[in-house]
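Take a look at the structure below.
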Amino acid sequence: MPGLTVAEAKALVPGLIVGDADPDGDAAGLQSLAAWCQRWTPRVALDGDDGLLLDIAGCGHLFGGDGALIAEVERRLIKAGIEVRLGAAATPAAAWAWTRYRPSGAVPVLVAAEHAEAHLGRLPVAGLRVPPDLVQALARVGLRTVGDLQRLPRAALARRFGPTLIERLDRLLGQAADPITPSGPPSRWAARLALAEPISRKEDFERAIGCLLAELVTSLGAGGLGARSLVLTLFRVDASTQILSVGTAQASRDARHLHRLFAERYEKINPGYGVETLILEATATERLDPAQLTAGRGSQRPSMAEIVDRLRARAGHTAALRFATVETHVPERATRLRASEGEMPAAGAPDWLESEMRPLLLLSPPEPIVTDRNDASVPDTFYWRGRCHHVMRSDGPERIRSEWWRDGQSAVRDYFRIQDQQGRRYWVFRRQGTARDGWFIHGLFA
Amino acid sequence: MARSEDLQALRECIKRLEGPASADRPPSLAFGVPAIDNHLPDEGLRAPGIHEFFGDECDASRFGLVAALAGRWSCIDRDGMETTAGSRLEDDAPVFWLRGPAATWLIDAQALWQFGISPQRVLVSQCGREADGLWALEEASRCSVFPILVGEGLALTPLQARRIQLAAEAGRATVLLLPPPLSQPPPAAATRWRVSSLPVHRGDASIGSPRWLIELLRCRGGGPATWALEWDDEQRRLDLVADVAGRPLAATPCSWLA
């Protein structure tokens, strides 16, 4: 009974166990349960904060009929240790009402249409999900069940009690649309594998993923598409799920290549007490013409896209990067590393080339050096990383200004190429115009 | 006469015993400098195989030499480029550059172009963990997509070096390694080099073209030697330098490298 204090509740029930309410934890638990229920149907919606709506239209044939599916759902939920009240009906509103308000002893499944109306007619008005004050108003007039409401003319009811009552009644009886919003959009390209026994060994996962990939690749091929992103969901016996995802740089329908990408993830699989259902979805697809596929397979040569995908699958996106030259004079910004996407361009000069030479190795950020002179000309000696260097030769200066539109200040750098007594060549600059002026070393020439 | 024939037959026999049959061996990576190429047993760096280049920490000369060699392999045809027969595998071949956890400097894309490598044909892999870097290098060398690979900042044990060599032979790739400066080298490399900078002695005060002192420390099938090379920027090739006066003292003595 809501509103009781703990002391009163303990007085009523001597052996009561009291715990803190955890609404966030409950919500998270309900979300994970909803994800787990997707093993039966992809259309699972949350209902309030303690219920789930599963749309099993079209899923019954996989389980031997709707009745068998519902019995299976109940059995598995009870086996997972979840106390559940189950009810099934032809519309979501009817299912909601039947679950909560059915008379004791009635069968939970109410799908057959002829008797459904009679059973639904015996439900109390509270099963229509109307506000409690409306329920009380109806009770004052003597309308207590749905059947009473059905016998009255609709226009009179709408005039007296408002349009929501009629709308709820229509939804209950299936005369108005009652859409549910599933927690995630169902994926069109998916393959599902339900196992008789839960699996936890690596070899079993390999075979299961192989079967799923074969099925998915066939259906993708029929649609002329290739997968860019795949999501594998593992449904464990203890009502939890694990999700593995894999991406490719180019659309692919090659089952062998995709299987190898998943092979990098095997050690991340945590089977728990066992995995009994696997669902593989292609969440991002692109057009892939058959001509491209046969060209790659015919020559039997592995392609750059495949090795890029495998590197990324194992070591993250920094494992496959490419140089990109940026149109800027500031040296540390001129070269960037970006993720490798698509085909590699043909060989040739980079897009942005400075006229002056640049060192092969750059230091970021530039390190300060200690010089013997602090004027504009090249010093004779400088100290860097604990060593003394004597400058024998030098070239320069090359003046590079900072990008005032980006940095907000206008600093000036005068670059010099210098060679020390050992023959090593450095790229140093003298900075002016900032708070920390002075000499710095920026790179090494080869 | 018969003796030289016997010697030649013995050399062939040893070559066959040492590695895969030379009939289907891809052409080796030549320096383009006849003095060096004639000294090396394969007329260049053996391909497939792994080769190591050592140097000091604050010295970029070994990077320059590796970039020049990789540029010779993967460059597009340029006029005036001298090549020994069969030293270019295919035009526009991509290069794989692995940067291990010990790689601290940034690489400038424009400087790569100056050495003859198209920066947009380079696939760079930066792995935070050494195990991932080794795996990436092994898989990239095995997959036959990259004829040349550069592994920077990886310290290899003998077992790891052997695995990479087997992968390179399976994928017909050449791996050029740039180990961290103070690491223990494994004995599996086909050649081991030490590269340092040489000062330029010219009339004017300009710093001139890059000059390197390269020492072949260990070579399978050949002996150690030393050369002084200069990189010609305009013609993009390596030349032998006549004068080796002004050899620098080694900054850090490493006895085990000898």
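Name the residues in segment B:109-123 that are at the interface with chain A (Cβ under 7 Å from one of its Cβ atoms) and either open to solvent by less than 10 Å² (accessible area, probe 1.4 Å) or hydroxyl-bearing (S, T, Y) (or both), would you? Spell out the reasoning first.
So the first thing to find is which residues in segment B:109-123 are at the interface with chain A (Cβ under 7 Å from one of its Cβ atoms), and the list is B:109-111, B:113-114, B:118-123.
Of everything in segment B:109-123, those that are at the interface with chain A (Cβ under 7 Å from one of its Cβ atoms) and either open to solvent by less than 10 Å² (accessible area, probe 1.4 Å) or hydroxyl-bearing (S, T, Y) (or both) turn out to be B:A109, B:A111, B:S118, B:P119, B:V122, B:L123.
For segment A:232-251, which residues satisfy the criterion of being out of contact with any helix residue (DSSP H, G or I) (no Cβ under 6 Å at 6 or more places or on another chain) and part of a strand (DSSP E or B)?
Within segment A:232-251, A:L232, A:T233, A:L234, A:R236, A:Q242, A:I243, A:L244, A:S245, A:G247, A:A251 meet the criteria.
Every residue, every condition in (1) at the interface with chain B (Cβ under 8 Å from one of its Cβ atoms); (2) farther than 23 Å from B:W212 by Cα; (3) surrounded by 14 or more Cβ atoms within 10 Å (Cβ to Cβ); (4) of a type in the set (S, T, Y), yes or no:
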{"site": "A:M392", "(1), (2), (3), (4)": "yes, no, yes, no"}
{"site": "A:E398", "(1), (2), (3), (4)": "no, yes, yes, no"}
{"site": "A:G408", "(1), (2), (3), (4)": "no, yes, no, no"}
{"site": "A:R413", "(1), (2), (3), (4)": "no, yes, yes, no"}
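Quick check on this structure: which one of B:P181, B:P199, B:P210, B:P187 is touching a helix residue (DSSP H, G or I) at 6+ places or on another chain (Cβ under 6 Å) and in contact (Cβ under 8 Å) with a residue 24 or more places away in the chain? Spell out the reasoning first.
Working: B:P181 fails: touching a helix residue (DSSP H, G or I) at 6+ places or on another chain (Cβ under 6 Å); B:P199 fails: touching a helix residue (DSSP H, G or I) at 6+ places or on another chain (Cβ under 6 Å); B:P187 fails: touching a helix residue (DSSP H, G or I) at 6+ places or on another chain (Cβ under 6 Å).
Going through B:P181, B:P199, B:P210, B:P187 in turn, just one is touching a helix residue (DSSP H, G or I) at 6+ places or on another chain (Cβ under 6 Å) and in contact (Cβ under 8 Å) with a residue 24 or more places away in the chain: B:P210.
So which of A:F262, A:F205, A:F235 is farther than 30 Å from A:E117 by Cβ, touching a Lys or Arg at 6+ places or on another chain (Cβ under 6 Å) and aromatic (F, W, Y)?
Details: A:F262 fails: touching a Lys or Arg at 6+ places or on another chain (Cβ under 6 Å); A:F205 fails: touching a Lys or Arg at 6+ places or on another chain (Cβ under 6 Å).
From the options A:F262, A:F205, A:F235, the qualifying one is A:F235.
Those residues that are open to solvent by less than 30 Å² (accessible area, probe 1.4 Å) and more than 7 Å from every other protein chain (Cβ to nearest Cβ), I need them from segment B:97-108; list them, please.
Keep residues of segment B:97-108 that are open to solvent by less than 30 Å² (accessible area, probe 1.4 Å), which gives B:97-100, B:103, B:105, B:107-108.
Once the filter is applied, which keeps residues that are open to solvent by less than 30 Å² (accessible area, probe 1.4 Å) and more than 7 Å from every other protein chain (Cβ to nearest Cβ), segment B:97-108 yields B:W97, B:L98, B:R99, B:G100, B:A103.
Go through segment A:402-435 and report how many residues are closer than 21 Å to A:T381 by Cβ and in a loop (DSSP other than H, G, I, E, B).
Of the residues in segment A:402-435, 4 are closer than 21 Å to A:T381 by Cβ and in a loop (DSSP other than H, G, I, E, B).
Mind checking which residues of segment A:329-346 are in a loop (DSSP other than H, G, I, E, B) and either within 20 Å of B:L123 (Cβ to Cβ) or at the interface with another protein chain (Cβ under 10 Å from one of its Cβ atoms) (or both)?
Filtering segment A:329-346 down to residues in a loop (DSSP other than H, G, I, E, B) leaves A:329-330, A:340-346.
Once the filter is applied, which keeps residues that are in a loop (DSSP other than H, G, I, E, B) and either within 20 Å of B:L123 (Cβ to Cβ) or at the interface with another protein chain (Cβ under 10 Å from one of its Cβ atoms) (or both), segment A:329-346 yields A:S340, A:E341, A:G342, A:E343, A:M344, A:P345, A:A346.
Between a first residue in segment A:379-395 that is more than 13 Å from B:P199 (Cα to Cα) and a second residue that is surrounded by 13 or more Cβ atoms within 10 Å (Cβ to Cβ) and of a type in the set (G, A, S), which pairs have beta carbons less than 7 Å apart while being 6 or more apart in sequence or on different chains?
What qualifies is A:D395/B:S206.
Please tell me if A:S219 is in contact with a Phe, Trp or Tyr (Cβ under 9 Å, 6 or more places away or on another chain), within 28 Å of A:L77 (Cβ to Cβ), open to solvent by 30 Å² or more (accessible area, probe 1.4 Å) and in contact (Cβ under 8 Å) with a residue 12 or more places away in the chain.
Values: in contact with a Phe, Trp or Tyr (Cβ under 9 Å, 6 or more places away or on another chain): yes; within 28 Å of A:L77 (Cβ to Cβ): no; open to solvent by 30 Å² or more (accessible area, probe 1.4 Å): yes; in contact (Cβ under 8 Å) with a residue 12 or more places away in the chain: yes.
When the stated conditions are applied, A:S219 does not pass them.
Working carefully through the options B:D92, B:D59, find the one that is at the interface with another protein chain (Cβ under 8 Å from one of its Cβ atoms) and modelled with pLDDT under 85. Step through it out loud before you land on a result.
Details: B:D59 fails: modelled with pLDDT under 85.
Exactly one of B:D92, B:D59 is at the interface with another protein chain (Cβ under 8 Å from one of its Cβ atoms) and modelled with pLDDT under 85, namely B:D92.
Applying the selection to segment B:124-151, what residues are of a type in the set (G, A, S), more than 11 Å from chain A (Cβ to nearest Cβ) and open to solvent by 10 Å² or more (accessible area, probe 1.4 Å)? Outline the logic, then answer.
Taking segment B:124-151 and keeping what is of a type in the set (G, A, S), we get B:125, B:128, B:131, B:133, B:136, B:140-141, B:144, B:151.
Subset that is more than 11 Å from chain A (Cβ to nearest Cβ): B:151.
Listed by number, the list is empty, since nothing qualifies.
Out of everything in segment A:70-81 that is crowded, with 18+ Cβ neighbours inside 10 Å and touching a strand residue (DSSP E or B) at 6+ places or on another chain (Cβ under 9 Å), what residue ends up being nearest to A:P92 (Cα to Cα)?
The first filter runs over segment A:70-81 and keeps only residues crowded, with 18+ Cβ neighbours inside 10 Å, leaving A:70, A:73, A:76-77.
Within this subset, residues satisfying the condition of being touching a strand residue (DSSP E or B) at 6+ places or on another chain (Cβ under 9 Å) are A:70, A:73.
On the way: A:I70: 15, A:V73: 17 Å.
Only one residue fits best here, namely A:I70.
Looking at segment B:182-189, can you tell me whether even one residue there is closer than 19 Å to B:G151 by Cα, modelled with pLDDT of 85 or more and more than 8 Å from chain A (Cβ to nearest Cβ)? Show your work before the answer.
Taking segment B:182-189 as the starting set, the residues that turn out to be closer than 19 Å to B:G151 by Cα are B:182-189.
Next, only the ones that are modelled with pLDDT of 85 or more stay: none.
No, that holds for no residue.
Is it true that B:G221 is at positive phi and in contact (Cβ under 8 Å) with a residue 60 or more places away in the chain?
Judged against the criteria, B:G221 is a match.
Test each condition in (1) out of contact with any strand residue (DSSP E or B) (no Cβ under 7 Å at 6 or more places or on another chain); (2) more than 8 Å from chain B (Cβ to nearest Cβ) for A:C388 and report the one that comes out false.
(1)
Of these, A:G272, A:G296, which one is under 34 Å from the mean Cα position of the chain (by Cα), more than 29 Å from A:F440 (Cα to Cα), surrounded by 14 or more Cβ atoms within 10 Å (Cβ to Cβ) and modelled with pLDDT under 75?
On the way: A:G272 fails: modelled with pLDDT under 75.
Answer to the check: A:G296.
Restricting attention to strands (runs of 3 or more DSSP E) lying wholly within segment B:195-242, give those where 2 or more residues are touching a Leu at 6+ places or on another chain (Cβ under 8 Å), within 12 Å of another protein chain (Cβ to nearest Cβ) and surrounded by 14 or more Cβ atoms within 10 Å (Cβ to Cβ).
Values: elements: B:211-219, B:225-232, B:237-240.
So the answer is B:211-219, B:225-232.
The values are calculated or read from the model by the stated rules, or taken from the named source; none is laboratory data. Here the structure is a predicted model, which means the values were calculated and not measured. Cβ sites come from the backbone with ideal geometry, for glycine too, and all protein chains shown count toward neighbours. Accessible surface is based on the protein model in full, side chains and every heavy atom, while ligands, DNA and RNA are left aside. Shrake-Rupley method; radii C 1.70, N 1.55, O 1.52, S 1.80 Å.
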